[in-house]
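Colleague: One structure, pasted below without further comment.
The values are calculated or read from the model by the stated rules, or taken from the named source; none is laboratory data. Everything numeric in this text was worked out from a predicted model, so none of it was measured. Positions of Cβ are backbone-derived with ideal geometry, glycine not excepted, and every protein chain shown enters the neighbour counts.
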Amino acid sequence: MAPDTPTDLRTEVHDLIALTPETRLRLAGLACARCGSTESLRPGGHAYTHSPDGGRLGWTVKVCANCPVHPSQESELRS
Ligand SMILES: [Zn+2]
């Protein structure tokens, strides 16, 4: 995995200009927001980018069958 590829798109607010093409696929809901897989995608909540007016822009993203729908669920699964 490339160093500049976020682990989970939904855990931080991103700068749209700084996103890689691969990350843009995740934002568009064409790949898993967490791992980038394109298999068995399902609704995965929202990811956010900085908006030019200083706010946040929400994107409806998807996750694959292997990734948690909510990032917070992951820590629960680990414990
Ligand atoms: Zn995934």
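Colleague: If a residue has to be more than 13 Å from the ligand (Cβ to nearest atom) and of a type in the set (A, V, I, L, M, F, W, C) to count, how many in region 53-73 make the cut?
Modeller: Final tally of qualifying residues: 2.
Colleague: Among all residue pairs at least 6 apart or on different chains, which show Cβ distances below 6 Å where the first residue, located in region 21-40, is of a type in the set (S, T, N, Q) and the second is surrounded by 17 or more Cβ atoms within 10 Å (Cβ to Cβ)?
Modeller: Ser37/Cys64; Thr38/Ala31; Ser40/Cys64
Colleague: For the subset of region 52-79 comprising residues that are of a type in the set (D, E, K, R) and surrounded by 10 or more Cβ atoms within 10 Å (Cβ to Cβ), which member is modelled with the lowest pLDDT? Steps first, answer last, please.
Modeller: Kept after step one, since they are of a type in the set (D, E, K, R), are these residues of region 52-79: 53, 56, 62, 74, 76, 78.
Subset that is surrounded by 10 or more Cβ atoms within 10 Å (Cβ to Cβ): 56, 62, 74.
Details: Arg56: 95, Lys62: 97, Glu74: 57.
That would be Glu74.
Colleague: I'd like the full set of residues that are of a type outside the set (D, E, K, R) and over 9 Å from the mean Cα position of the chain (by Cα), limited to region 32-44. Spell out how you get there, then give the answer.
Modeller: First, pick out the residues of region 32-44 that are of a type outside the set (D, E, K, R): 32-33, 35-38, 40-41, 43-44.
The answer is Ser37, Thr38, Ser40, Leu41, Pro43.
Colleague: Test Thr49 against the stated conditions and say whether it is part of a helix (DSSP H, G or I), crowded, with 17+ Cβ neighbours inside 10 Å and either of a type in the set (S, T, N, Q) or away from the ligand (no atom under 13 Å from the Cβ) (or both).
Modeller: Here the answer is no, as Thr49 does not meet what is asked.
Colleague: Just the residues that are basic (Lys, Arg), crowded, with 23+ Cβ neighbours inside 10 Å and more than 7 Å from the ligand (Cβ to nearest atom), please, taken from region 24-40.
Modeller: We begin by selecting, within region 24-40, every residue basic (Lys, Arg); these are 24, 26, 34.
From what is left, the residues that are crowded, with 23+ Cβ neighbours inside 10 Å are 26, 34.
Answer for region 24-40, where residues must be basic (Lys, Arg), crowded, with 23+ Cβ neighbours inside 10 Å and more than 7 Å from the ligand (Cβ to nearest atom): just Arg26.
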